[in-house]
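Note sheet for the following structure.
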Amino acid sequence: MSRISRRGLLAGTAATAGLLAAPTIARAQATAIRWGEMLAPTHPQVQMIDRIAAEVREKTSGRIAIQNFPNGQLGSGRDMMEAVSAGALQITTDGAGALAALLPALSVIEAPYLWRDAAHMAKAATAPQFLRMNNDLVARRNMRLAAITYYGKRHLTTGSKAVRTPADMVGFKLRVPPVDVFRAMAEAWGAQATPVNFNELYLALNQGAVDGQENPLPTIQSGKFFEVQRFLVLTEHIITPRLVIVNEAFWRGMGNADRDILQTAIANGAKWQDEELLGQEAGLVATLRTAGMTVIEPDIKLFRDPVLARVPAQFAERWGRDTFEALRAL
């Protein structure tokens, strides 16, 4: 697999700009597209990139080569989003909550207890609220959202403490991404929200720096959190989208035919990834139980009610009045 340093990533800005400004004849040579990821190579989201790369390579006869950099090789999620905005990196994938650091209104599509299922979430791609946010992202940050992918239903895992109700989470150090909506959700349960970058999470769990974490089942499996967590609590608190984020200048600098090829490959890859993740989720509870986790099926209403009573109102100004309710009603 190709590797590149973060210094090399930043140095690539000028080279990328030069490529986009070059004459068509010069651009006919092989073009490298760098795609950064935080997740492990075993995760379907990363395997999606390889499938997209293969389709693009075939349809362009090798003229365009997508280079996949998983496992946070290019820095944190925030590093990579900033690099895409600056043009040093062409594509990355991240959650809506994380991207909200650059466009705050986007955090609504990763709000807790918003979506009923993956099909409901998929409707967001054509919702006027989402299209407006994408246009704002292009205008303000020189990035666009090329696809919404399904990342899974998020659940809790805990180390030594069985959690069955929010009352069990008072004072509980819950790892959350460095996203304020996640922090507000944890606090609505009475937990002590503790931000930790994903690539540091396994160690934090192993050393007891946090008591537990929350993620979709495929991420719990691919991250091997079952090795350092005893309980799986099926809270289904967030149905998470992950977004394919593309540098706008790079996107517009492509020829129409090549851009269509890339767009089609991304759509095909996202469809495969969504189906793969849904298929994995169907059997992963049993897999994680076999790996030694104790599975707890709580009354979800006990977790949902305090969150809905607090979080949508807390972020209404950021998301836009009635945006949460409009998306929930799609």
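For the range 190-208, give me each residue that is farther than 25 Å from His43 by Cα and either touching a Leu at 6+ places or on another chain (Cβ under 8 Å) or modelled with pLDDT under 95 (or both).
Those that are farther than 25 Å from His43 by Cα and either touching a Leu at 6+ places or on another chain (Cβ under 8 Å) or modelled with pLDDT under 95 (or both): Ala191, Gln192, Ala193.
Going by the structure shown, is Ala257 hydrophobic (A, V, I, L, M, F, W, C), without any contact (Cβ under 8 Å) to a residue 12 or more places away in the chain and open to solvent by 80 Å² or more (accessible area, probe 1.4 Å)?
Numbers: hydrophobic (A, V, I, L, M, F, W, C): yes; without any contact (Cβ under 8 Å) to a residue 12 or more places away in the chain: yes; open to solvent by 80 Å² or more (accessible area, probe 1.4 Å): no.
It is false that Ala257 is hydrophobic (A, V, I, L, M, F, W, C), without any contact (Cβ under 8 Å) to a residue 12 or more places away in the chain and open to solvent by 80 Å² or more (accessible area, probe 1.4 Å).
All but one of (1) touching a Ser or Thr at 6+ places or on another chain (Cβ under 9 Å); (2) open to solvent by less than 10 Å² (accessible area, probe 1.4 Å) hold for Leu103; state the number of the condition that does not hold.
(1)
Does the range 238-255 hold any residues that are over 16 Å from the mean Cα position of the chain (by Cα) and closer than 20 Å to Asn134 by Cβ, and which are they? Explain how you work it out, then say what you get.
Within the range 238-255, the subset over 16 Å from the mean Cα position of the chain (by Cα) is 247-255.
Selection gives Asn247, Glu248, Ala249, Phe250, Trp251, Arg252, Gly253, Met254.
Among the numbered criteria (1) of a type outside the set (A, V, I, L, M, F, W, C); (2) modelled with pLDDT of 95 or more; (3) within 16 Å of Gly152 (Cα to Cα), which one does Asp258 miss?
For Asp258, the exception is condition (3).
Looking at (1) touching a Gly at 6+ places or on another chain (Cβ under 9 Å); (2) closer than 14 Å to His237 by Cα; (3) polar (S, T, N, Q), which is the only condition Gln192 fails?
With respect to (1) touching a Gly at 6+ places or on another chain (Cβ under 9 Å); (2) closer than 14 Å to His237 by Cα; (3) polar (S, T, N, Q), Gln192 is out only on (2).
Within the range 134-142, is there a residue that is open to solvent by less than 10 Å² (accessible area, probe 1.4 Å) and within 14 Å of the chain's Cα centre (by Cα)? Don't jump to the end; show me each part of the working.
To start, the set of residues in the range 134-142 that are open to solvent by less than 10 Å² (accessible area, probe 1.4 Å) comprises 137.
Retained after the next criterion (residues that are within 14 Å of the chain's Cα centre (by Cα)): none.
No: the range 134-142 contains no residue that is open to solvent by less than 10 Å² (accessible area, probe 1.4 Å) and within 14 Å of the chain's Cα centre (by Cα).
Check whether at least one residue in the range 160-169 is closer than 21 Å to Glu281 by Cβ and touching a Leu at 6+ places or on another chain (Cβ under 8 Å), and report yes or no. If you could, list the steps in order and put the result at the bottom.
To start, the set of residues in the range 160-169 that are closer than 21 Å to Glu281 by Cβ comprises 163.
Filter once more, so that each one left must be touching a Leu at 6+ places or on another chain (Cβ under 8 Å): 163.
Yes, that holds for at least one residue.
Since Pro195 meets every condition but one in (1) crowded, with 20+ Cβ neighbours inside 10 Å; (2) closer than 29 Å to Trp319 by Cα, which condition does it not meet?
The failed condition is (1).
Give the residues of the range 33-54 that are over 20 Å from Pro195 (Cα atoms), buried (at least 23 other Cβ atoms within 10 Å of the Cβ) and among the aliphatic types (A, V, I, L, M), sorted by residue number.
Met48, Ile49, Ile52
Between residues in the range 286-305 that are more than 20 Å from Met185 (Cβ to Cβ) and residues that are among the basic types (Lys, Arg), which pairs lie under 8 Å by C-beta distance while being six or more apart or on different chains?
Gly292/Arg230; Met293/Arg230; Thr294/Arg230; Val295/Arg289
Name the residues in the range 290-302 that are assigned to a helix (DSSP H, G or I) and either closer than 12 Å to Ile220 by Cα or in contact with a helix residue (DSSP H, G or I) (Cβ under 8 Å, 6 or more places away or on another chain) (or both), would you? Step through it out loud before you land on a result.
Residues of the range 290-302 assigned to a helix (DSSP H, G or I): 290, 300-302.
Across the range 290-302, the qualifying residue is only Leu302.
Which is modelled with pLDDT under 95, open to solvent by 20 Å² or more (accessible area, probe 1.4 Å), over 20 Å from the mean Cα position of the chain (by Cα) and of a type in the set (Lys, Arg), of Arg57, Arg27, Arg78?
Arg27
Among the candidates Pro177, Pro216, single out the residue that is open to solvent by 10 Å² or more (accessible area, probe 1.4 Å) and either farther than 30 Å from Ile91 by Cα or out of contact with any Cys (no Cβ under 6 Å at 6 or more places or on another chain) (or both). Walk me through it before giving the result.
Working: Pro216 fails: open to solvent by 10 Å² or more (accessible area, probe 1.4 Å).
Only one candidate passes the filter, namely Pro177.
Which residue pairs have Cβ atoms under 6 Å apart, sit 6 or more places apart or on different chains, and have a first residue in the range 73-93 that is farther than 22 Å from Ala53 by Cα and a second that is in a loop (DSSP other than H, G, I, E, B) and of a type in the set (S, T, N, Q)?
Ser76/Asn197
Taking the stated definitions as given, is Ala101 at pLDDT below 95 and within 23 Å of Val196 (Cβ to Cβ)? Lay out the reasoning, then the answer.
Details: at pLDDT below 95: yes; within 23 Å of Val196 (Cβ to Cβ): yes.
Spelling it out, Ala101 is indeed at pLDDT below 95 and within 23 Å of Val196 (Cβ to Cβ).
Please determine, by comparing only the residues of the range 260-303 that are of a type in the set (A, V, I, L, M, F, W, C) and under 17 Å from Ala122 (Cα atoms), which one is surrounded by the most Cβ atoms within 10 Å (Cβ to Cβ).
It comes out as Leu277.
The values are calculated or read from the model by the stated rules, or taken from the named source; none is laboratory data. These figures come from a predicted structure and were not determined experimentally. As a convention, Cβ positions derive from the backbone with ideal geometry for all residues, glycine included, and neighbour counts pool all protein chains shown. Surface accessibility is based on the protein's heavy atoms, side chains included, excluding ligands, DNA and RNA. Shrake-Rupley method; radii C 1.70, N 1.55, O 1.52, S 1.80 Å.
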